[in-house]
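Visitor: Starting off with a structure, shown below.
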Amino acid sequence: KFAEMSLRENLLGEEMTEEDVESIWDTLHSDGATKLAEKIASLKGFYVKTAQIISSRQDLFPSQYTDALSGFTDSLDPMPASLAKAVVEQELLNRDETFEDVFIEFDPVPLGSASIAQVHRAVLSEKYGGPREVAIKIQRPSIESKLMGDVANLKSIAKTLRGVDAMPLDYYT
């Protein structure tokens, strides 16, 4: 649409009104925001965290982007409870302990689920000071290595763009 309006302006002498320009930008931002949200949903991890930051900065980004990315601040797809329990067993428990040795109750439905971890309600056993209700924050498996890879990729892109004057980048070397 922008190309068409530019051609009309340059070839036919038709001037674009401010409303025309605003309409073009609205369309471009809406399309771009939808594509960005879809891509972030497929990439997950670090990119979801980035979407959460963008969605909270209405002062910096067009509303189409902040609106499209606002869904990433709500609960995301949770890990299955069986996987969450397996992570706790592998990362937290002693070798000779079972999950039931530590927790007498575990709510399979998370209280919240985010890009890096999720939280479940549980009740500690007497052996661990219970019965006492606790919240267990469980990190998604392999998320640390994925995040580190994402950060390395972003650093690589930033270094590539280091000499481009048209890009207002602030990066760490």
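The values are calculated or read from the model by the stated rules, or taken from the named source; none is laboratory data. Given the structure is predicted, the values throughout are model-derived calculations rather than measurements. Methodologically, a virtual Cβ is constructed for each residue, glycine included, from the backbone with ideal geometry; neighbour enumeration extends over all protein chains shown. Side chains are part of the model used for accessible areas, which takes the heavy atoms of the whole protein and leaves out ligands, DNA and RNA. Shrake-Rupley method; radii C 1.70, N 1.55, O 1.52, S 1.80 Å.
Visitor: Would you calculate the volume per residue, in Å³, of the smallest convex hull containing every Cα atom of the chain?
Guide: In the chain, the Cα convex hull volume per residue is 163 Å³.
Visitor: Which FRET efficiency, nearest 0.05, do V109 and Q58 yield, Cβ-Cβ r, R0 30 Å?
Guide: In this case the efficiency is close to 0.40.
Visitor: What is the sum of charges, Lys and Arg at +1 and Asp and Glu at -1, for the other residues whose Cβ falls under 13 Å from the Cβ of F106?
Guide: In short, -4.
Visitor: Further question on the same structure: Can you work out the FRET efficiency for the pair T160 and D96, with r the C-beta to C-beta distance and R0 = 41 Å, to the nearest 0.05?
Guide: 0.20
Visitor: Arrange the peptides 36-42, 120-126, 146-152 so that the one whose residues have, on average, the most other Cβ atoms within 10 Å appears first.
Guide: Going from most to least packed, we get 120-126, 36-42, 146-152.
Visitor: How large is the translational diffusion coefficient of the stretch 84-153 in µm² per second when you combine the Kirkwood radius over alpha carbon pairs with Stokes-Einstein at 20 °C and 1.002 mPa s?
Guide: Rounded, D is 163 µm²/s.
Visitor: For the stretch 28-173, what is the accessible area per residue in Å², given a 1.4 Å probe and the full set of protein chains?
Guide: About 66 Å² of surface per residue is accessible.
Visitor: Could you give the length gained by full extension between S30 and E144, i.e. 0.36 nm per residue of separation minus their alpha carbon distance, to one decimal place?
Guide: 37.8 nm
Visitor: Per-residue accessible area for T17 at 1.4 Å probe radius, Å² rounded to 10?
Guide: 60
Visitor: Still on this structure, please answer the following. Give, rounded to the nearest 20 debye, the magnitude of the charge dipole that the stretch 34-107 has about its Cα centre when Lys and Arg contribute +1 at Cβ and Asp and Glu contribute -1 at Cβ.
Guide: In total the dipole reaches around 700 debye.
Visitor: Roughly what angle does helix 2-12 make with the longest principal axis of the chain, taking Cα atoms, 0 to 90 degrees, to the nearest 10?
Guide: 0
Visitor: Still on this structure, please answer the following. Would you mind counting up the charge near V151? Only other residues with Cβ under 12 Å from its Cβ, with Lys and Arg at +1 and Asp and Glu at -1.
Guide: +1
Visitor: Of all the accessible heavy-atom surface of the chain, with the other protein chains kept in place and a 1.4 Å probe, what percent is carbon and sulfur?
Guide: 54
Visitor: Also, quick follow-up: Below 14 angstrom from the Cβ of T34, what's the summed charge of the other residues (Lys, Arg +1; Asp, Glu -1)?
Guide: -2
Visitor: As an exercise, use a Förster radius of 41 Å and the Cβ-Cβ distance of T17 and T73 to find the FRET efficiency, rounded to the nearest 0.05.
Guide: For R0 = 41 Å, the calculated efficiency reads 0.70.
Visitor: Further question on the same structure: Any idea what the dipole of the stretch 34-161 comes to, in debye rounded to 20, about its Cα centre with Lys/Arg Cβ at +1 and Asp/Glu Cβ at -1?
Guide: 740
Visitor: For I143, I53, what's the largest-to-smallest order of accessible area, 1.4 Å probe?
Guide: Largest accessible area first, the list is I53, I143.
Visitor: Okay, moving on. Please give the helix 81-91 orientation as an angle from the longest Cα principal axis of the chain, in degrees from 0 to 90, rounded to the nearest 10.
Guide: In the chain, helix 81-91 runs at an angle near 70 degrees to the longest axis.
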